[in-house]
Amino acid sequence: MPNALSGAWALAQRYLVAIGQTFFAGSPWTGLVGAATVAFAAPIHAFAALVTCVLARWTGVRVGASRALLDSGIIELNGWFMGLACAAFLGRGPGLAAAILAGGPLVAAFTVAMQRFVATWNLPLLVGPYMPAFWLLWAALSGLPWVHPVVPSAVPLPDWPPLAILVGGLRGVGQIFFVPDVRVGLALALASSLRDWRVGPAILAASIASVGLGYLAGVPTWQTEQGLAGFTPAMVTAAALSRFGGMSYPAVGIAILAGPFLEAAALRICGSIGIYALSAPYVGFVWTCALVRPVRKVSELRSSWSMREHRPLFETGRPVPIEQTTSVRSWTFFNRKRSAAD
């Protein structure tokens, strides 16, 4: 029995660490608090995300993904977000069930394929793979009579502008896991602070500031209600505090200022072709920052994006203690040499 419990906890840690990577913290406790928050606030979201997370990992192993990619946890992370997106935009019923069952394998395939693509440009993979995977799934299923798309809604904001901005900013942090709820935003900020106490307050401040700017600029009310402008600045702030991929504090300032307008542009462009913007502004912002870096800094960025100088979070299927890793950022990117060897 002790061996069985130890094995079950080791398996659970794999998925919890992957979820915790959302906030650039390779900690199972961050993942546990984040997953528990979603399970409490939106049980269907949590169920869908966990199933697609497991299916994505299973598919990655079956299709022969490299050991470096499997050990990174990035397949499970994209599986988690794929499930959240399915539950957020599809109502309960056979359509959601089909999306969950197909979404796990599909996002694993996109992760393997995109890892090779972004390696060519020395870009971080992030949660990029789940977006095209969901867009393809959405295009295939949304028009079928037994599939029921839903439009996410939020409670109207208070009339007093400062309070409206505060509520919108907190919802923006909740948007990280597709649940625009003040309580979820606070809980996710707490989860992100378990490895570094600065992260939670910082992402809340960044989200509130960007939502406030959008409010003053006159973005559509529903975008403020959903807190959409706060998502990208919050994630860029977490990346900068983790020194991830060369992200800097000036990048945080740019993200806060540009957040409402990037989100509005992404919503308009994606809406014109009938898809959801998802995390496109965030991923696009990080990739743009990476591409405009001076050439002399490319080698420095490569070392922080790959596992060349770092130990993976998992070895031989078991978690490596966080204190034994030289960087909590190593999970996000892959060593191309090691991938080729596999």
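When LEU144 is tested against (1) in a helix (DSSP H, G or I); (2) farther than 19 Å from PRO281 by Cα, exactly one condition is not met: (1). Among the residues in the range 128-138, are any over 19 Å from LEU101 (Cβ atoms), in the same structural domain as ALA36 (by TED's automatic domain parsing), part of a loop (DSSP other than H, G, I, E, B) and not acidic (Asp, Glu)? Checking the range 128-138: at least one residue is over 19 Å from LEU101 (Cβ atoms), in the same structural domain as ALA36 (by TED's automatic domain parsing), part of a loop (DSSP other than H, G, I, E, B) and not acidic (Asp, Glu). Per the conditions (1) in a helix (DSSP H, G or I); (2) at pLDDT 90 or above; (3) over 19 Å from LEU11 (Cβ atoms), the sole criterion not satisfied by ARG92 is (1). Residues that are closer than 17 Å to LEU126 by Cα and not in a helix (DSSP H, G or I) within the range 249-296 comprise ALA277, LEU278, SER279, listed in sequence order.
Say whether the condition of being under 24 Å from TRP135 (Cα atoms) and hydroxyl-bearing (Ser, Thr, Tyr) is met by at least one residue in the range 233-256. Scanning the range 233-256 turns up no residue that is under 24 Å from TRP135 (Cα atoms) and hydroxyl-bearing (Ser, Thr, Tyr). You will find that of PRO152, PRO180, PRO158, the residue that is modelled with pLDDT under 95 and either touching an Asp or Glu at 6+ places or on another chain (Cβ under 6 Å) or more than 21 Å from ALA280 (Cα to Cα) (or both) is PRO158 and no other.
Among residues that are in a loop (DSSP other than H, G, I, E, B), in contact (Cβ under 8 Å) with a residue 24 or more places away in the chain and closer than 18 Å to ARG14 by Cβ, ALA65 is included. Here is a check on your reading of the model: is ALA98 more than 15 Å from LEU137 (Cα to Cα) and surrounded by fewer than 24 Cβ atoms within 10 Å (Cβ to Cβ)? When the stated conditions are applied, ALA98 does not pass them. Checking the structure you have, find out if any residue of the range 106-115 is in contact (Cβ under 8 Å) with a residue 24 or more places away in the chain, among the aliphatic types (A, V, I, L, M), assigned by TED's automatic domain parsing to the domain that holds PHE24 and under 17 Å from LEU90 (Cβ atoms). Yes: the range 106-115 contains one or more residues that are in contact (Cβ under 8 Å) with a residue 24 or more places away in the chain, among the aliphatic types (A, V, I, L, M), assigned by TED's automatic domain parsing to the domain that holds PHE24 and under 17 Å from LEU90 (Cβ atoms). Please work out if ARG268 is of a type in the set (Lys, Arg) and modelled with pLDDT of 90 or more. Judged against the criteria, ARG268 is a match. Screening the range 68-89 for residues that are modelled with pLDDT under 90 and in a helix (DSSP H, G or I) and picking the one that is surrounded by the most Cβ atoms within 10 Å (Cβ to Cβ) gives SER72.
For the range 129-150, which residues satisfy the criterion of being among the aliphatic types (A, V, I, L, M) and either exposed (fewer than 12 other Cβ atoms within 10 Å of the Cβ) or over 15 Å from THR52 (Cβ atoms) (or both)? Those that are among the aliphatic types (A, V, I, L, M) and either exposed (fewer than 12 other Cβ atoms within 10 Å of the Cβ) or over 15 Å from THR52 (Cβ atoms) (or both): ALA139, ALA140, LEU144, VAL147, VAL150. Taken as a whole, the structure leaves ASP159 outside the set of residues that are among the acidic types (Asp, Glu), assigned to a loop (DSSP other than H, G, I, E, B) and in contact (Cβ under 8 Å) with a residue 24 or more places away in the chain.
Taken over the range 230-255, residues that are surrounded by 18 or more Cβ atoms within 10 Å (Cβ to Cβ), modelled with pLDDT of 90 or more and either among the basic types (Lys, Arg) or over 18 Å from the mean Cα position of the chain (by Cα) (or both) amount to 1.
The values are calculated or read from the model by the stated rules, or taken from the named source; none is laboratory data. Worth saying up front: this structure is predicted, and the values here are computed from it rather than measured. Here Cβ is always computed from backbone atoms with ideal geometry, including for glycine, and neighbour counts include all displayed protein chains.
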